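The numbers here are math on the coordinates, done by the rules we state, and not lab data. This one's a predicted model, so the numbers in the text were calculated from it and none came from an experiment. Don't worry about glycine lacking a Cβ; one is built from the backbone with ideal geometry, like all the others, and counts go over all protein chains shown.
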Amino acid sequence: MLIKDFLNIGIAKAQDLIPCSDGTMADPDIGCVATPAAILSPESSLVSIILNIANGFMAFVAGMAVITLIYGAIRYTTAAGSEEQINKAKRIMFWGVFGLVVALLAVFITDFILNLVGQ
């Protein structure tokens, strides 16, 4: 057993590898390979980057939905009784509300999945 460990350490040093706590060898530039639980932790840079991008995108979608809703409301008030203009304004407002609902659902689904995974 001692000789096997000595050989493993010798091979690791010759290849510039360092032993990890789980018995595997890791590259000194990269370090030990993370376990799936560590990859999914909020401290993981990949997860935090993805969450920041998703949060920024959802804020953009929600902002665009509010702008669309306001635009539809302005078109509705300036329709001057024209049924065609009123219907266009209602469709614009519908899609604005739809965008808000989609943005909120995306945030809730993301939170649900993170809670389900154990965050």
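Quick notes on this structure:
- Scanning segment 71-97 for residues that are within 26 Å of residue 54 (Cβ to Cβ) and free of Cβ contacts under 8 Å to residues at least 24 places away in the same chain yields a total of 1.
- Failed condition for residue 81, given (1) within 24 Å of residue 57 (Cα to Cα); (2) among the small types (Gly, Ala, Ser); (3) surrounded by fewer than 11 Cβ atoms within 10 Å (Cβ to Cβ): (1)
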